[in-house]
Every structure is written in C-alpha cells, then in structure tokens.
Amino acid sequence: MPPRPIHEPRRDDCPWCGSKRLRTRLRASDLLQHRPGTFAVDECRDCAHTFQNPRLTAEGLALYQRPPAGGLPGGSAERVLATRTRRRRLVATARAMLPFSEPESWLDVGTGDALFPEVAKEVFAYTSFDGLDPTARVVRAREAGRVEEAHQGQLTDPATGARLRARYDVVSMLGHVEHTLDPRAELRAALLALRPGGHLLLELPEPRSAFAALLGKWWVAHGQPRHLHLIPLPNLRAELESRGCTVVTADRSGAHVPHDLAAALALSLSHSVPAPRTALLRAAAPLVTAAGALDHALAPLLRHTRFSNTYRVIARKN
Ligand SMILES: [Zn+2]
C-alpha cells in the first residue's frame, strides 16, 4: 500500500469565510523540533483567519505531533515555554470561572498530562474534572488521580461525542483549538458536550497580535507545523453567537502569556547554532533568561495593547 499523504492539497480559499483573497504570511521549518519539511502560513485578507496551507493531514499531524515536554533533544525552547509561571497562569484561568455558578462536572479537552485540572481543583474543590486527549497521557493522568475520567480520542469522533453529550457544566479548551483540523467542528462538539446553561472556556492565540508581525516565523504562536488554524477573536465570537451562545467574557489582557521574546530568541538560537547544540545553547541560556525577564517586565503594559498574544472567551450555551 502506498504511504498516506501527509499534506492536503493546497487550497485557494479561506477555510473560515471562503474568500479567495489570501496572502502568504510566512514560511517556516519545524523550529522547535527540527524535523524535516517547510510549511506555509496564509492569512485571509477579508476575515484575517490565519492557517497552514497546504494543511497537514491527520497522518501528517500525527507525524509531527509534539511529544511531552522533556522528551526533546536540546529542549531549550521547550523549557522556556514550560516556565514556572505556568501554574500561576492556569490558576488565573480557572479563577475566570468564579463569577459563574459552581460547576459539578468539567471536561478539559486537549488536557495532555491534566496539569490544568490539577490546578483548577485548587479553585473548585467540589468539581469533578474529566480529561480528553488524543494521547495516552490522559490515561496516565487518571491513574495519577488528576482527573476522574480519562477519554482518549477526539471530541469530534461520533462515539466519543455520543458518550459525552450534555454531560458537563464547563468544557475548557486551552491552547487546543489551534491544533485541530476543523475548528468549527471542534467548537460544535464542545457545545454538544455541555448541558444547557453550561459554559465553554477557551484560550487561543491572537493572530493579529503585534508580536506576530514583529517576530514573524519566530513568534511561538505561529507554531509550525503543529498550529493549523489561528482564529482572530471577532471570528470566534461571531461563530459562537451564530450557534446560539452568549459570549459573557472576551478578554484580551488576562490571558496574555509573557514569553514571546524569550521563546523567539530560544527558537532562533537553537536554529542557528549547528548541532551538537547543547554546550553552546547552555552558554546562551543567560540571554534567554534576560529576554524572559523582559517579557515579564513588559507584560503588565503589553497585555493591554495590541501586543497581547492570547485571548480568553467564556460563552454560555443557552
Ligand atoms: Zn476568511
């Protein structure tokens, strides 16, 4: 049997709005893992939807899928992304749900090792957290007691959808939608898993962030080849409202992640330094640390400007 293709055919229209007015935003290789291949990111001139084109197929995506943190050679960029402030940020994300009635049941989609449910449990002690992930990491997370139920697979899989239908007061997707082949199908499936009156909690990179233009392919949220779709906030909001949801929170500042400069520096260093990289990258580590300090120093200001890199949306299913 011939190998399955890893790329879809290149498309000449926007997968979000159908416009043919596309421009190529950038071309990049796999800057994080240095696997072979070059990827193009296109942007729609009409709706600003930003997407990988040609897009990886499910087979291609599995090939390039990011292994768990720590499993990478070198790993300098990876370590920057997994800063110790991550936990604090996840607490802030969980606390964004405090104004709403206390959930009994919560599903975290794309949960990985279920770090978010573990942290959110500190805020919502009486809530039952389940996790869904395509990998077996979610099964190990259940064994470690971080989630009550582990669902391994895709939310858009019909059998999974039927099992989870109308079961949850909250469905969270943090840094997940941009990895999915079909974001609209993913949102639809998430809404089906909610009870009426339940809330969808989303955090996504903002492709219109000024950091995207400033840093180009070194902007970590461009994330090639693993980020397939970057959806601007107005598009996501309109989509949820067209599905009968009420958007109760659309926050550009609270979800900003202060890592753009350090991550861009780490990515470009690990790219420009020839292998074996370890010793030289270790020597450059103080530079990356300094860039990280700058990210944090600027964050209180930048999170309120066009430099904010991530947005948070909470939508109620009516
Ligand atoms: Zn478009």
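Since every read-out is calculated from the coordinates, none of them should be taken as a lab result. On a predicted model such as this, the values are computed, not experimentally measured, just so you know. We place every Cβ from the backbone using ideal geometry, glycine too, and count neighbours over all the protein chains shown.
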(request) Pop a pseudo-label 7 angstrom from the Cα along the beta-carbon direction at both Ala162 and Val91 and give the gap in nm to one decimal. (result) 4.3 nm
(request) Would you calculate the separation in nanometres between label points at Thr289 and Leu98, each defined as 7 Å from the Cα along the Cα-to-beta-carbon direction? (result) 3.3 nm
(request) Set the Förster radius R0 to 41 Å, insert the Cβ-Cβ distance between Ala58 and Ser253 as r into 1/(1 + (r/R0)^6), and round the FRET efficiency to 0.05. (result) 0.70
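If packing is taken as the average count of other Cβ atoms within 10 Å, what order do 140-150, 241-251, 173-183 fall into, highest mean first?
Packing order, densest peptide first, comes out as 173-183, 140-150, 241-251.
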(message) I need the calculated FRET efficiency for the pair Val123 and Thr246, taking r as the beta carbon distance and R₀ as 22 Å, to the nearest 0.05.
(response) 0.45
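About its Cα centre, how strong a charge dipole does segment 244-318 have in debye, to the nearest 20, once Lys and Arg get +1 and Asp and Glu get -1 at the Cβ?
260 debye
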